[in-house]
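The values are calculated or read from the model by the stated rules, or taken from the named source; none is laboratory data. In this text, all values refer to a predicted model and were calculated from it rather than measured experimentally. Cβ atoms come from the backbone with ideal geometry, glycine included; neighbour counts cover every protein chain shown.
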């Protein structure tokens, strides 16, 4: 499954948004859940209840989405990255490491979740 270290690293890298760090030249990674997600698990509550206002998405990416994530993180290392799922902005953060993994944990707040969840149900890939 997901290692604790990997989850912590990815949460810090992708999901801890800081709007104050956003800039006009931010990089973007856009995921289409029906095309880019090989597997998706949703954790509404975690056992430790560390972040009760966040819902955790555990995602296994398709190979081409994994490659896009690596290329964007490599090209924009040290820059601001905006993460989108189904055209909904999930977070903005600074890229600290190259992201060479197909396993992501993405935290979604309670304001974004109702907008995002209906689109996660689509199973047929329809590229944009």
Inset, instruction - Looking at (1) closer than 14 Å to residue 39 by Cα; (2) touching a residue at least 40 places away in the same chain (Cβ under 8 Å); (3) out of contact with any strand residue (DSSP E or B) (no Cβ under 8 Å at 6 or more places or on another chain), find the lone condition where residue 63 falls short. - result: (2)
Inset, instruction - Within segment 25-52, work out how many residues are in a loop (DSSP other than H, G, I, E, B) and either closer than 18 Å to residue 88 by Cα or touching a helix residue (DSSP H, G or I) at 6+ places or on another chain (Cβ under 8 Å) (or both). - result: 2
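Looking at segment 57-67, which of its residues are surrounded by fewer than 16 Cβ atoms within 10 Å (Cβ to Cβ) and touching a helix residue (DSSP H, G or I) at 6+ places or on another chain (Cβ under 9 Å)? It would help to see each step written out before you state the result.
At the first step, the residues of segment 57-67 found to be surrounded by fewer than 16 Cβ atoms within 10 Å (Cβ to Cβ) are 63-64, 67.
Selection gives 64 alone.
This table checks each residue for (1) modelled with pLDDT of 95 or more; (2) exposed (fewer than 12 other Cβ atoms within 10 Å of the Cβ); (3) within 13 Å of the chain's Cα centre (by Cα); (4) over 21 Å from residue 124 (Cα atoms).
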| site | (1), (2), (3), (4) |
| --- | --- |
| 11 | no, no, yes, yes |
| 36 | yes, no, yes, no |
| 55 | no, no, yes, yes |
| 69 | yes, no, yes, yes |
